[in-house]
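The values are calculated or read from the model by the stated rules, or taken from the named source; none is laboratory data. This is a predicted model, so every value here is computed, not measured. With ideal geometry, Cβ positions are generated from the backbone for all residues, glycine too; neighbour counts draw on all protein chains shown. SASA here: full protein model, heavy atoms, side chains in, ligands and nucleic acids out. Shrake-Rupley method; radii C 1.70, N 1.55, O 1.52, S 1.80 Å.
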Amino acid sequence: MLSSFSEMLSYPFIIRALTVGILVCVCAALLGTNLVLKRYSMIGDGLSHVGFASLAIAYALNAAPLAVSIPVCIAAAFLLLRLGENSKIKGDAAIAVMCSGALAVGVMVVSLTSGMNTDISNYMFGSILAMSKNDVILGVILSAAVMLMYILFYNRIFAVTFDESFSTATGIKTGLYNALIATLTAVTIVLGMRMMGTLLISSLVVFPSLSAMRICKKFKSVVIFSVIISVVCFVSGIYFSFVFSVPTGASIVSANILVFAIVFVIQKIKDR
Amino acid sequence: MAVLECHNVSMSYGKNTVLNNLSFSINAGDYLCIVGENGAGKSTLLKGLLGLKKPSQGHFCSSDGLKSTDIGYLPQQSPAQKDFPASVMEVVLSGTLNSHKFSPFYTKADKNRANEMIKTLGVEDIKDECYRELSGGQQQRVLLARALCAAKKVILLDEPTTGLDPLMTKDFYKLISQINIERGITVIMVSHDINSAVNEASHILYLGNNSHFFGTAQEYRESELGKKFLGGEPLA
């Protein structure tokens with residue numbers, strides 16, 4: 001097992017995937033806890049579909065993919081987090097509308113321009129081969145920024161997640177921190193999309209936090225534990241995918257399902 | 001000096017007016033209970049006082065320079081909080097955030113303040129426990145501790161005794177009058193329980209569907225409205 005692991009590390013593209021992947025996993029796990037508790041578990045799904053549509057448009061226009069999809073996804077995240085508050089379309093319905101709408105737009109654009117090319121289908125199901133050197137640099141910078149912002153505003157993000165009306169009433173700028181959460185989420189989703197694929201990225205947001213929430217009693221330990229779960233599942237998923245030649249995204253999600261099942265059983269035994 | 005004034009305030013949801021032309025003022029150190037009929041706009045008024053909802057007419061103001069960072073608030077519990085993984089200490093500490101300008105982390109003073117409030121409310125022994133595993137009464141105390149951390153001048157409470165048994169309710173009222181007297185914090189409470197309100201509060205704001213009453217608890221007892229709702233018997 002050790003020899004196949006070191007063999008895996010001898011491929012530069014796997015090193016690239018691991019570098020960016022671990023960083024994205026950390027970001028997704030950090031934000032995931034807040035999103036799940038704010039009842040926005042599906043936001044990853046919604047945003048990644050919007051990401052797919054914006055990438056299709058970027059290819060059609062010959063524009064830089066990330067330069068188009070990051071701002072579009074941030075705008076979509078704003079819309080979703082705002083919609084939940086005072087619109088007649090509730091959060092879950094808004095995400096459902098956005099998912100199917102964006103997917104439709106993306107598919108239309110693709111079929112009207114070039115037809116399904118490989119790049120686009122990589123985005124749908126994820127591929128670790130999709131990482132170029134520039135992607136790695138951008139990925140490292142952006143995820144470092146997400147982590148830094150999260151740590152700096154950790155206490156306020158906690159307060160806003162736990163009780164939004166208390167925070168607003170006592171003079172905390174809730175809107176600002178909600179916008180921050182939306183922006184960080186959008187950036188994380190766009191970065192993670194390439195590797196996990198549009199269809200699997202939301203599991204990166206939801207699974208580690210859900211597992212951690214089952215066994216931890218403090219918010220801080222939930223956050224830390226979900227980061228650990230996320231990274232461990234990611235690395236073992238990549239390894240499994242390398243050894244058995246199965247898709248990366250799917251094996252990472254499978255690892256997460258396994259951890260969730262184990263935690264579920266542990267908690268059931270503890271409760272008895 | 002008036003901590004909070006309410007000038008000809010009306011509040012509405014769309015075309016539906018729930019509060020019509022209300023005026024009153026509260027001085028520092030007062031203990032005001034807002035009571036009234038269902039749908040008369042008690043919770044809406046509280047939202048207005050907290051700045052969570054804008055009045056459709058009139059305005060709230062303060063000649064005392066009250067800022068939102070001087071306010072503590074005990075909201076009704078939301079369903080999302082029921083399964084929130086957080087320790088009691090984490091919840092209480094988050095109340096101190098409104099005295100921060102820019103510093104991202106809790107200071108020693110914040111922790112001392114949180115510990116002091118935890119002690120005041122007698123939840124020391126469950127300090128490290130998980131909020132979602134506490135009983136309703138314990139959760140209410142924890143949220144009150146958080147509100148006290150945030151409150152420098154005024155504390156607003158939204159039906160704080162809902163779901164508490166009679167013994168706990170009595171304890172809770174005692175705590176609140178302690179806070180009012182010993183800390184000199186102005187208390188504004190929305191309540192269902194008119195009898196306790198009249199006994200505990202210094203002032204009563206009664207919101208009816210057609211008429212309002214504002215005055216001291218004594219005046220309310222002697223008024224027509226008060227006699228009707230307290231069952232005609234003046235309380236000892």
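The Kirkwood hydrodynamic radius of the protein assembly as shown, based on inverse pair distances between different Cα atoms, is 25.3 Å. Helix-only arithmetic for chain B: the sum of -39500 (n - 2.57) across DSSP H runs with n ≥ 4, divided by the residue total, places the mean residue ellipticity at 222 nm at -10000 deg cm²/dmol. Using the average count of surrounding beta-carbon atoms within 10 Å as a protection proxy, the listed peptides A:250-261, A:24-35 rank, highest first, as A:24-35, A:250-261.
Which value, in Å², gives the accessible area per residue of chain A when a 1.4 Å probe is used on the protein heavy atoms?
Working: 11760 Å² over 272 residues.
Value for chain A: 43 Å² per residue.
Note on B:67-77: average number of Cβ atoms from other chains within 10 Å of each residue's Cβ is 3. Close amide H contacts of B:GLY36 (hydrogens built in the peptide plane, cut-off under 5 Å, sequence separation of 5 or more or a different chain): B:LEU207. About its Cα centre, chain A has a charge dipole of approximately 740 debye under the convention of +1 per Lys or Arg Cβ and -1 per Asp or Glu Cβ, with nothing else charged. Contact order, relative form, for chain A: 31 percent (alpha carbon pairs under 8 Å, 6 or more residues apart, mean separation divided by residue count). When the listed pairs A:LYS173/A:LYS218; B:LYS54/B:LYS174; B:LYS54/B:LYS101; B:LYS53/B:LYS153; B:LYS42/B:LYS67 are checked against a 31 Å cut-off, the alpha-carbon distance exceeds it for B:LYS54/B:LYS174. Farthest toward the positive end of the dipole of the protein assembly as shown, out of A:ASN155, A:LEU191, B:TYR220, is the Cα of A:LEU191, where the dipole comes from beta carbon charges about the Cα centre. Across segment B:137-144, rounded Karplus estimates of 3J(HN,Hα) from the backbone phi angles (6.51 cos²θ - 1.76 cosθ + 1.60, θ = phi - 60°) give x, 5, 4, 4, 5, 4, 5, 5 Hz, Gly and Pro being marked x. Evaluated over the Cα positions of chain B, the convex hull gives a direction-averaged projected area, one quarter of its surface, of 13.7 nm².
Angle of helix B:108-120 to the longest C-alpha principal axis of chain B, folded into 0 to 90 degrees and rounded to 10: 60°. Placing +1 on the Cβ of every Lys and Arg and -1 on the Cβ of every Asp and Glu, with nothing else charged, gives chain B a dipole about its Cα centre of roughly 680 debye.
For segment B:105-230, the share of DSSP beta bridges that are antiparallel, to the nearest 5, is 50%.
Applying a DSSP loop filter and a limit of 12 other Cβ atoms within 10 Å to the chymotrypsin sites (Phe, Trp or Tyr not before Pro) in segment B:39-143 leaves B:PHE102, B:PHE105. As a calculated quantity, the FRET efficiency between A:ILE137 and A:ILE262 at R0 = 56 Å, using C-beta atoms, amounts to about 0.95.
Counting only lysines at least 8 places from B:LYS108 when in the same chain, those with an alpha carbon closer than 19 Å to its own are A:LYS220, B:LYS119, B:LYS127, B:LYS152.
Sequence gap at least 6, Cα distance under 8 Å: using those rules, report the relative contact order of chain B to the nearest whole percent. Once normalised by length, the contact order is 26 percent.
Across segment B:156-172, computed HN-Hα scalar couplings (Karplus, 6.51 cos²θ - 1.76 cosθ + 1.60, θ = phi - 60°) run 10, 10, 9, 6, x, 9, 4, x, 9, 6, x, 5, 5, 4, 4, 4, 5 Hz from first to last residue, x flagging Gly and Pro.
Using only alpha-carbon positions in segment A:2-271, the gyration tensor eigenvalues give semi-axes of 28, 25, 16 Å once each is multiplied by 5 and square-rooted (largest first).
Carbon-plus-sulfur fraction of the accessible area of segment A:2-271, 1.4 Å probe, in percent?
Here it works out to 73 percent.
Leaving ligands and nucleic acids aside, the B/A contact buries around 2600 square angstrom of accessible area in total at a 1.4 Å probe radius. Where in segment B:164-205 is the amide nitrogen less than 15 Å from a point lying 7 Å along the Cα-to-Cβ axis of B:GLN218? Once the point is set 7 Å along Cα→Cβ of B:GLN218, B:199-204 turn out to lie under 15 Å by backbone N, inside segment B:164-205. Compactness of segment A:1-66, taken as the C-alpha radius of gyration over 2.2 N^0.38 Å, stands at 1.55. Only loop residues by DSSP count here, and only those with at most 15 other Cβ atoms within 10 Å; note down the trypsin sites (Lys or Arg not before Pro) in segment A:1-74 that meet that. Here the trypsin sites (Lys or Arg not before Pro) that fit, given the DSSP loop and packing criteria, are A:ARG39. Result for chain A in a Gaussian network model with C-alpha springs under 10 Å: among A:GLY237, A:GLY197, A:GLY101, the largest mean-square fluctuation is at A:GLY101.
Within the protein assembly as shown, antiparallel bridges make up roughly 50 percent of the DSSP beta bridges whose residues both belong there.
Under 5 Å from the amide H of A:SER41 lies no amide H of any residue 5 or more positions distant or on a separate chain, with H modelled from the backbone and absent for Pro and chain starts. In this structure the amide hydrogen of B:VAL3, modeled in the peptide plane, comes within under 5 Å of the amide hydrogens of B:ILE26, B:ASN27, B:ALA28, none closer than 5 places in sequence on its chain.
Partner shielding of B:95-104 amounts to 4, given as the average count of beta-carbon atoms from other chains within 10 Å of each residue beta-carbon. Other residues within the sphere of radius under 15 Å centred on the Cβ of A:SER100, judged by their own Cβ, net out at -2 (K and R +1, D and E -1).
For segment A:231-237, the Karplus equation 6.51 cos²θ - 1.76 cosθ + 1.60, evaluated at θ = phi - 60°, returns couplings of 5, 4, 5, 5, 5, 5, x Hz by residue, with Gly and Pro reported as x. Could you tally the net charge around A:MET213, taking each other residue with its Cβ under 12 Å from the Cβ of A:MET213, Lys/Arg +1 and Asp/Glu -1? Result for the local shell: +3.
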